[in-house]
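Visitor: This is the structure I want to talk about, given as structure tokens.
The values are calculated or read from the model by the stated rules, or taken from the named source; none is laboratory data. Since the structure is predicted, the reported quantities are computational estimates derived from the model, not experimental observations. So basically every Cβ, Gly included, is an ideal-geometry build from the backbone, and we count neighbours across all protein chains shown.
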Protein chains: 2
Amino acid sequence: MAIMEHTVNIPAREAGSYKISIGTGILDSLWAKIEADFAGCNKFVVTDENLVSAGHLGRLLGRCEVPTYIISPAGEPSKSIDTLISIIETMEKAYLGRDTIVVGLGGGTVGDIAGFAASTFKRGVPVVHIPTTTVAQADSAIGGKTGVDSTMSKNAFGAFWHPAAVYIDVAALATLDERQYRAGLVESVKHAVIADSDYFAFIEENIEAILARDNAVLEKIADCNCRIKGGVVETDPNEQNMRRMLNYGHTIGHAVESASGYELLHGEAVAIGIIGAGLIEIEVGLAKDGRLDRIRQILEKLGVPLELPQDLTENKLIDLIKRDKKAVNRWPKFVLTSRIGQVYCPNDQWAVDVERPIVGKVLRKLL
Amino acid sequence: MAIMEHTVNIPAREAGSYKISIGTGILDSLWAKIEADFAGCNKFVVTDENLVSAGHLGRLLGRCEVPTYIISPAGEPSKSIDTLISIIETMEKAYLGRDTIVVGLGGGTVGDIAGFAASTFKRGVPVVHIPTTTVAQADSAIGGKTGVDSTMSKNAFGAFWHPAAVYIDVAALATLDERQYRAGLVESVKHAVIADSDYFAFIEENIEAILARDNAVLEKIADCNCRIKGGVVETDPNEQNMRRMLNYGHTIGHAVESASGYELLHGEAVAIGIIGAGLIEIEVGLAKDGRLDRIRQILEKLGVPLELPQDLTENKLIDLIKRDKKAVNRWPKFVLTSRIGQVYCPNDQWAVDVERPIVGKVLRKLL
């Protein structure tokens with residue numbers, strides 16, 4: 001039978017860019033800058049109750065009246081479709097249209113939700129991130145990954161939605177809960193391990209100042225993180241290949257985080273995942289320099305727990321690893337390093353095959 | 001204070017394209033083609049109970065076992081976030097990863113949901129559309145608009161997500177409910193009114209054969225629709241300007257559809273919206289050729305109701321128009337024509353300002 005064919009051409013999307021601004025105490029004068037940088041747009045703020053009680057929302061908005069959604073309770077359990085629905089309906093009730101910009105003020109959860117809400121609201125409006133935690137400033141505010149969790153897995157719903165701007169005030173970290181603060185620094189350690197041995201040495205040398213939340217040192221760390229993550233993201237914005245290096249420690253980490261019922265913080269789970277990746281490197285002969293000891297030492301100084309919760313089993317973790325977003329035929333590839341500051345990248349592949357028995361053996365060592 | 005700045009560059013996204021294939025009875029051999037065209041991907045089918053009972057799902061899959069989500073009940077009330085959640089969780093339970101392609105088999109509702117599920121599942125997987133209704137074949141399967149409704153408005157959640165391929169089998173229309181069949185043809189009339197006076201004349205001359213569901217005539221109509229809509233979409237894929245012409249009749253139409261509590265079908269509401277646009281054209285002096293009579297005649301022959309439900313008020317409709325997705329400062333622009341086949345486009349603006357009193361006057365005429 002005759003088949004007629006039409007071809008619909010999708011034009012190229014032009015290159016774009018966004019700025020990340022880093023400073024100490026910039027929050028107090030930021031709203032005027034956002035109003036100027038995004039004039040003519042309605043603004044809608046997404047934040048959480050922690051940011052309100054810490055005074056950061058007040059510092060940002062001053063006397064400006066801006067429609068705002070306050071996520072409550074703060075944290076991963078609110079990173080759900082229910083919260084997304086509630087945000088979108090709040091925006092609708094405020095008669096907001098496509099001429100709106102969403103401003104996310106908060107940690108990783110706030111940023112992921114705010115970004116995803118922006119990406120889906122009336123088929124997409126811009127988002128601006130003001131990350132206020134170690135994990136968000138180092139990682140989640142940069143790179144355009146957004147999403148919310150399903151009952152079964154993290155970020156089961158999501159979109160790549162690059163921000164229009166990112167503003168990092170390291171002074172906002174002063175009010176962060178100690179456990180959150182330390183766990184979030186794991187992503188900085190990860191950046192150093194995969195991309196920059198000098199940065200790794202800087203963290204080793206300045207660990208006391210980091211834990212004391214010295215603003216000058218925190219600015220330097222933010223600077224390194226943005227340089228490393230921004231550089232990777234602009235090379236491979238939609239995670240076709242190189243960007244997968246950022247997943248170091250995350251394949252086991254995500255499974256551990258999920259298996260703990262999110263009792264472990266993301267950074268804590270990733271710390272265990274980094275140890276797991278280091279153990280895999282030993283198993284496959286990539287770790288003759290004994291670097292895992294140096295990495296373990298710094299994670300111990302950060303004071304993140306490096307043991308798995310007691311009730312986890314190898315089978316449970318393997319099942320969760322099979323569900324990894326990037327799994328192909330129910331098994332993901334793993335990011336490994338060849339030395340501190342360098343990802344193992346044979347044939348331009350930034351994530352490599354690791355057989356299940358090796359992963360099983362490593363998991364038994366972690367358990 | 002010192003502010004450090006980084007710039008993150010987002011590379012251009014390369015141009016792409018997708019094919020629309022049109023034929024009669026192609027459904028029976030289509031699955032082999034999809035398996036060949038998208039080899040190496042897991043497939044996941046989204047459809048609804050009407051397609052199952054009409055036998056189309058069976059015709060598509062034959063004896064192939066493919067994980068499938070069947071939307072129930074069929075229709076707009078299922079176009080909700082709840083259905084989205086259910087689909088994503090079904091995909092997760094099937095251990096599907098990013099190497100999955102979603103195949104939407106059905107009408108506009110199925111396509112919108114399937115496309116939105118594909119756009120959000122693990123931050124996005126491809127979608128293939130197999131539209132089986134007049135409205136989906138003419139309109140919704142082409143162009144990448146996806147979404148689900150909130151309790152307050154249509155497509156409040158959504159994304160632009162271009163399909164990887166579209167397959168149109170006009171023989172699938174044979175089983176379509178008469179009311180749905182006729183309402184869906186309104187989008188074909190719209191295409192003719194905004195873009196092609198010859199196509200409009202063809203519809204006028206062949207209205208009996210169209211209503212008798214003559215496959216040869218339906219192929220010609222599908223061909224015209226794909227040429228017109230595909231042409232507009234590739235010029236302006238993300239609705240920056242020209243694509244807005246496709247919104248002809250939809251500004252009032254969407255308000256009417258929503259105000260009717262979705263008792264009116266989309267095409268029925270758009271038919272009223274097209275009459276509304278024609279009345280606005282008369283008010284603003286764009287309709288000296290009396291073309292509204294020709295348009296009204298064809299809509300009457302299609303047998304779509306052209307009166308508003310009784311309990312609607314002007315205020316209710318105005319409030320809904322203010323909430324239009326494309327509203328700026330709570331008032332949308334309107335698409336108008338200067339003759340059949342030609343959108344009124346002063347200064348390259350495909351949608352123009354119409355003052356509220358004029359819209360109010362037209363609504364009172366419609367009520």
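Visitor: When you check A:ALA212 against the structure, is it within 14 Å of chain B (Cβ to nearest Cβ) and either within 13 Å of A:ASP139 (Cβ to Cβ) or surrounded by fewer than 23 Cβ atoms within 10 Å (Cβ to Cβ) (or both), yes or no?
Guide: So A:ALA212 does not fit the description; no.
Visitor: Do the conditions hold for A:ILE130, that is, is it within 8 Å of another protein chain (Cβ to nearest Cβ) and under 27 Å from A:SER29 (Cβ atoms)? Walk me through how you get there before you give the answer.
Guide: Numbers: within 8 Å of another protein chain (Cβ to nearest Cβ): no; under 27 Å from A:SER29 (Cβ atoms): yes.
No; evaluated as a whole, the condition is false for this residue.
Visitor: Taking the condition touching a Phe, Trp or Tyr at 6+ places or on another chain (Cβ under 8 Å), in a helix (DSSP H, G or I) and either in contact (Cβ under 8 Å) with a residue 40 or more places away in the chain or under 27 Å from B:SER338 (Cα atoms) (or both), does B:ALA136 pass? Explain how you work it out, then say what you get.
Guide: Values: touching a Phe, Trp or Tyr at 6+ places or on another chain (Cβ under 8 Å): no; in a helix (DSSP H, G or I): yes; either in contact (Cβ under 8 Å) with a residue 40 or more places away in the chain or under 27 Å from B:SER338 (Cα atoms) (or both): yes.
Criteria not met by B:ALA136.
Visitor: Separate question: With the condition kept exactly as written, say whether any residue in the range B:201-215 is among the aromatic types (Phe, Trp, Tyr), part of a helix (DSSP H, G or I), touching a residue at least 24 places away in the same chain (Cβ under 8 Å) and not assigned by TED's automatic domain parsing to the domain that holds B:GLU76. Quick ask: steps written out before the conclusion?
Guide: Here is the first cut: in the range B:201-215, the ones among the aromatic types (Phe, Trp, Tyr) are B:202.
Subset that is part of a helix (DSSP H, G or I): B:202.
Among the residues that remain, those that are also touching a residue at least 24 places away in the same chain (Cβ under 8 Å) are: none.
Taking every residue of the range B:201-215 in turn, none turns out to be among the aromatic types (Phe, Trp, Tyr), part of a helix (DSSP H, G or I), touching a residue at least 24 places away in the same chain (Cβ under 8 Å) and not assigned by TED's automatic domain parsing to the domain that holds B:GLU76.
Visitor: Pick from A:GLY55, A:GLY23: which is buried (at least 17 other Cβ atoms within 10 Å of the Cβ), at pLDDT 95 or above and not polar (S, T, N, Q)?
Guide: Details: A:GLY55 fails: buried (at least 17 other Cβ atoms within 10 Å of the Cβ).
Result: A:GLY23 is the single residue among A:GLY55, A:GLY23 that is buried (at least 17 other Cβ atoms within 10 Å of the Cβ), at pLDDT 95 or above and not polar (S, T, N, Q).
Visitor: A further question on this structure: Of all residues in the range A:162-185, count the ones that are over 29 Å from A:GLU208 (Cβ atoms) and either away from chain B (no Cβ under 11 Å) or crowded, with 24+ Cβ neighbours inside 10 Å (or both). Steps first, answer last, please.
Guide: Here is the first cut: in the range A:162-185, the residues over 29 Å from A:GLU208 (Cβ atoms) are A:162-165.
This time we only want the ones that are either away from chain B (no Cβ under 11 Å) or crowded, with 24+ Cβ neighbours inside 10 Å (or both), so: A:163.
Going through the range A:162-185 one residue at a time, the tally reaches 1.
Visitor: Would you point out the residue of the range B:139-154, among those that are more than 9 Å from chain A (Cβ to nearest Cβ) and in a loop (DSSP other than H, G, I, E, B), that is modelled with the highest pLDDT?
Guide: B:ALA141
Visitor: If you don't mind, another one. Given (1) more than 14 Å from chain B (Cβ to nearest Cβ); (2) of a type outside the set (A, V, I, L, M); (3) on the phi < 0 side of the Ramachandran plot; (4) surrounded by 15 or more Cβ atoms within 10 Å (Cβ to Cβ), identify the lone condition not met by A:GLY75.
Guide: Just one mismatch for A:GLY75, condition (3).
Visitor: Could you check the range B:1-71 for helices (runs of 4 or more DSSP H) lying wholly inside it with 2 or more residues that are farther than 30 Å from A:ILE168 by Cα and within 11 Å of another protein chain (Cβ to nearest Cβ)?
Guide: In the range B:1-71, the matching helices (runs of 4 or more DSSP H) lie at B:30-37.
Visitor: Looking only at the range B:117-136, decide whether some residue is more than 30 Å from A:THR251 (Cβ to Cβ) and among the small types (Gly, Ala, Ser). First the steps, then the outcome.
Guide: Going through the range B:117-136, the residues more than 30 Å from A:THR251 (Cβ to Cβ) turn out to be B:129-136.
Still in the list and also among the small types (Gly, Ala, Ser): B:136.
Yes, the range B:117-136 contains at least one residue that is more than 30 Å from A:THR251 (Cβ to Cβ) and among the small types (Gly, Ala, Ser).
Visitor: So, B:ARG227, is that one over 30 Å from A:LYS122 (Cβ atoms), of a type outside the set (A, V, I, L, M) and not assigned by TED's automatic domain parsing to the domain that holds B:ASN155 or not? So that I can check it myself, show each step before the final result.
Guide: On the way: over 30 Å from A:LYS122 (Cβ atoms): no; of a type outside the set (A, V, I, L, M): yes; not assigned by TED's automatic domain parsing to the domain that holds B:ASN155: yes.
The answer is no for B:ARG227.
Visitor: Report those helices (runs of 4 or more DSSP H) wholly inside the range A:288-367 carrying at least 1 residues which are under 20 Å from A:ASP196 (Cβ atoms). Step through it out loud before you land on a result.
Guide: On the way: elements: A:291-302, A:314-322, A:356-366.
Those helices (runs of 4 or more DSSP H) span A:291-302.
Visitor: For B:LEU84, are the conditions met, namely being assigned to a helix (DSSP H, G or I), away from every other protein chain (no Cβ under 14 Å) and modelled with pLDDT of 95 or more?
Guide: Details: assigned to a helix (DSSP H, G or I): yes; away from every other protein chain (no Cβ under 14 Å): no; modelled with pLDDT of 95 or more: yes.
Criteria not met by B:LEU84.
Visitor: Could you say whether any residue in the range B:259-275 is out of contact with any helix residue (DSSP H, G or I) (no Cβ under 6 Å at 6 or more places or on another chain) and modelled with pLDDT of 95 or more?
Guide: Yes; the residues of the range B:259-275 include at least one that is out of contact with any helix residue (DSSP H, G or I) (no Cβ under 6 Å at 6 or more places or on another chain) and modelled with pLDDT of 95 or more.
Visitor: Let me ask something additional. Can you find, within the range B:233-267, the residue that is nearest to B:LEU320 (Cα to Cα) among those that are of a type outside the set (D, E, K, R) and at the interface with another protein chain (Cβ under 10 Å from one of its Cβ atoms)? Break it down into steps so the answer makes sense when it comes.
Guide: Here is the first cut: in the range B:233-267, the residues of a type outside the set (D, E, K, R) are B:233, B:235, B:237-238, B:240-242, B:245-256, B:258-262, B:264-267.
Adding the requirement that they be at the interface with another protein chain (Cβ under 10 Å from one of its Cβ atoms) leaves B:233, B:235, B:237-238.
On the way: B:VAL233: 26, B:THR235: 29, B:PRO237: 26, B:ASN238: 23 Å.
The extreme case among them is B:ASN238.
Visitor: Would the range B:252-266 turn up any residue that is in contact with a strand residue (DSSP E or B) (Cβ under 9 Å, 6 or more places away or on another chain) and closer than 21 Å to B:THR337 by Cβ?
Guide: Yes: one or more hits.
Visitor: Restricting attention to the range B:155-174, which residues are touching a Gly at 6+ places or on another chain (Cβ under 8 Å) and either over 22 Å from B:LEU51 (Cα atoms) or assigned to a strand (DSSP E or B) (or both)?
Guide: The initial filter retains those residues of the range B:155-174 that are touching a Gly at 6+ places or on another chain (Cβ under 8 Å), namely B:155-163, B:168-171.
B:ASN155, B:ALA156, B:PHE157, B:GLY158, B:ALA159, B:PHE160, B:TRP161, B:HIS162, B:ILE168, B:ASP169 - these are the residues of the range B:155-174 that are touching a Gly at 6+ places or on another chain (Cβ under 8 Å) and either over 22 Å from B:LEU51 (Cα atoms) or assigned to a strand (DSSP E or B) (or both).
Visitor: Can you tell me which residue is farthest from the chain's Cα centre (by Cα) among those in the range A:93-119 that are in contact (Cβ under 8 Å) with a residue 60 or more places away in the chain and part of a helix (DSSP H, G or I)?
Guide: Of the residues in the range A:93-119, the ones in contact (Cβ under 8 Å) with a residue 60 or more places away in the chain are A:101, A:103, A:105-110, A:113-114, A:117.
Those left that are additionally part of a helix (DSSP H, G or I): A:108-110, A:113-114, A:117.
Details: A:GLY108: 6, A:THR109: 9, A:VAL110: 11, A:ILE113: 12, A:ALA114: 13, A:ALA117: 16 Å.
Result: A:ALA117.
Visitor: Something else now. Which of the residues belonging to the range A:87-127 are polar (S, T, N, Q) and more than 11 Å from chain B (Cβ to nearest Cβ)? Can you show your working first?
Guide: Residues of the range A:87-127 polar (S, T, N, Q): A:90, A:100, A:109, A:119-120.
The one that is polar (S, T, N, Q) and more than 11 Å from chain B (Cβ to nearest Cβ): A:THR109.
Visitor: In the range A:175-200, how many residues are of a type outside the set (A, V, I, L, M, F, W, C) and not in a helix (DSSP H, G or I)?
Guide: From the range A:175-200, those of a type outside the set (A, V, I, L, M, F, W, C) are A:175, A:177-182, A:184, A:187-188, A:190-191, A:196-199; that's our starting set.
When the remaining residues are screened for being not in a helix (DSSP H, G or I), the result is A:177, A:196.
Here the count works out to 2.
Visitor: For the structure I just gave you, tell me whether A:GLU281 is assigned by TED's automatic domain parsing to the domain that holds A:PRO309 and either under 18 Å from A:ARG356 (Cβ atoms) or assigned to a helix (DSSP H, G or I) (or both). Show your work before the answer.
Guide: Working: assigned by TED's automatic domain parsing to the domain that holds A:PRO309: yes; either under 18 Å from A:ARG356 (Cβ atoms) or assigned to a helix (DSSP H, G or I) (or both): yes.
Answer is yes for this residue.
Visitor: Is it fair to say B:GLY285 is more than 20 Å from B:LEU246 (Cα to Cα), among the small types (Gly, Ala, Ser) and either free of Cβ contacts under 8 Å to residues at least 60 places away in the same chain or surrounded by fewer than 18 Cβ atoms within 10 Å (Cβ to Cβ) (or both)? Can you show your working first?
Guide: Values: more than 20 Å from B:LEU246 (Cα to Cα): yes; among the small types (Gly, Ala, Ser): yes; either free of Cβ contacts under 8 Å to residues at least 60 places away in the same chain or surrounded by fewer than 18 Cβ atoms within 10 Å (Cβ to Cβ) (or both): yes.
Yes, satisfied.
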